[in-house]
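The values are calculated or read from the model by the stated rules, or taken from the named source; none is laboratory data. Only a predicted model underlies this, so the values are computations on that prediction, with no experimental measurement involved. Cβ placement follows ideal geometry from the backbone for every residue including glycine, while neighbour counts extend to all protein chains displayed. Accessible surface is based on the protein model in full, side chains and every heavy atom, while ligands, DNA and RNA are left aside. Shrake-Rupley method; radii C 1.70, N 1.55, O 1.52, S 1.80 Å.
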Amino acid sequence: LTKNNLGMLFTDWGLAVSACLKNDVERGIKIKPNLTPSSDIEKLAYSLINYYQGCYYLQQDSWKKAVSCLKIAEKEIKNNQDWLTEIDALCQKQRQKIEEFNEHLQFAQFWYNLLKSSQSANYLAEYKARDISQQVADEKLSFAEAIKKLKEVQKIDNTNPLVIDLMSRLEYCKEAEEIDQMLTQGRFEDAVRKAKYSSNQEIKYKVAQMYINIILEGAKAKDLQWETMQQLARWAYEICPYESDFIEIYETLEII
């Protein structure tokens, strides 16, 4: 306690404050008065008791009981690095005790809202990403909708490996879906243009490979004209001009 804060001991909450500071939090909880603080020193005492009570519940793996206490002390917690560090450590331990997915999401949101610490941000981003991934798997979200939601998650933590990996997979699937739709509609040049300007090398390769495969199958069946094979090769070349797997086809069809 600083000299300026000693006054807490002389408020109606003084006995409870003293008990908490002596690490007898259980007693402090029992004897704290059921009053509404009015002065600044009373509010400080009230926050201190609620901080200790919240930490006590976290130590008991009862995070839901801790929520209201720690919210009351939120302002003081954010101004006290020791308190921040202590709650971060307790939340990290509490996290390990949670098994149910939705409870992880709820707890992660509470922890992040309270502290905005790097650990809480990483945890919340991870579980939000997992939730989005599951919704895509259950066909509750389209790729475009999932990407939009994940961009919001990136605002919480844009360095989370799971978030980065999921964004990469979603963007790939969205592009692949769009190109597949173009090909189904016979929009071959649009598909080439989409693949050509894609930042995903796998997309580029697969679309070019599809045109090369058509050439190879057509040549084998002898049912494709030379001009048609050349056009397909030009499209493949436009997408993947330096792909070693396709160079021989390009040379044979006099594209390069």
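Numbers for the structure displayed
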{"read-out": "Simple Cβ-charge dipole of the range 35-75, Lys/Arg +1 and Asp/Glu -1, about Cα centre, in debye nearest 20", "value": "140"}
{"read-out": "Label-point separation, Asp223 to Ile256 (7 Å along Cα→Cβ), nm", "value": "3.0"}
{"read-out": "GluC sites (Glu not before Pro) restricted to the range 108-210 and DSSP loop, no more than 16 other C-beta within 10 Å", "value": "Glu139"}
{"read-out": "Farthest toward positive dipole pole in the chain [+1 Lys/Arg, -1 Asp/Glu at C-beta], among Phe188, Trp13, Met229", "value": "Trp13"}
{"read-out": "Burial order of peptide ranges 205-212, 32-39, 239-246 (average beta-carbon count within 10 Å, highest first)", "value": "205-212, 239-246, 32-39"}
{"read-out": "Cα centre as origin, Lys/Arg/Asp/Glu Cβ charges: the range 1-54 dipole, Debye", "value": "100"}
{"read-out": "Of the GluC sites (Glu not before Pro) in the range 9-117, those whose Cβ has at most 11 other Cβ within 10 Å and which sit in DSSP loop", "value": "Glu99, Glu100"}
{"read-out": "Mean residue ellipticity (222 nm) of the chain, computed from DSSP H runs ≥ 4 via -39,500 (n - 2.57), nearest 500", "value": "-23500 deg cm²/dmol"}
{"read-out": "Share of pairwise Cα separations in the chain, more than 24 Å, in percent", "value": "64"}
{"read-out": "Thr228 accessible area, 1.4 Å probe, all protein chains in place, Å² to nearest 10", "value": "60"}
{"read-out": "For the range 99-154: rounded, prolate or oblate by the Cα gyration tensor [a/c cutoff 1.5]", "value": "oblate"}
{"read-out": "Cross-link table Lys22/Lys116; Lys116/Lys149; Lys43/Lys155; Lys155/Lys196, entries beyond 27 Å C-alpha to C-alpha", "value": "Lys22/Lys116; Lys43/Lys155; Lys155/Lys196"}
{"read-out": "Sites Lys151 and Ser68 - FRET efficiency at Förster radius 30 Å, r taken between beta-carbons, to 0.05", "value": "0.40"}
{"read-out": "Cβ-based charge dipole, the range 67-169, positive-most Cα from Ile132, Trp111, Ser142", "value": "Ser142"}
{"read-out": "Cα-based radius of gyration of the range 1-72 once divided by 2.2 N^0.38 Å, which approximates compact folds", "value": "1.04"}
{"read-out": "Accessible solvent surface per residue of the range 104-172, calculated while the other protein chains remain in place, 1.4 angstrom probe, Å²", "value": "51"}
{"read-out": "Linear extension gain, Gln119 paired with Gln209, 0.36 nm per residue minus alpha-carbon span", "value": "28.1 nm"}
{"read-out": "log₁₀ of I(q)/I(0) at q = 0.09, 0.11, 0.14, 0.22 Å⁻¹ - the range 79-207, Debye sum with one point per alpha carbon", "value": "-0.37, -0.51, -0.70, -1.22"}
{"read-out": "Evaluated over the range 1-145, the Cα radius of gyration and Dmax, each in Å", "value": "18.2, 61"}
{"read-out": "Label-point gap, in nm, between Thr36 and Glu202 - each point 7 angstrom along Cα→Cβ", "value": "5.9"}
{"read-out": "Rh (Kirkwood; distinct C-alpha pairs) - the range 168-214, Å", "value": "10.5"}
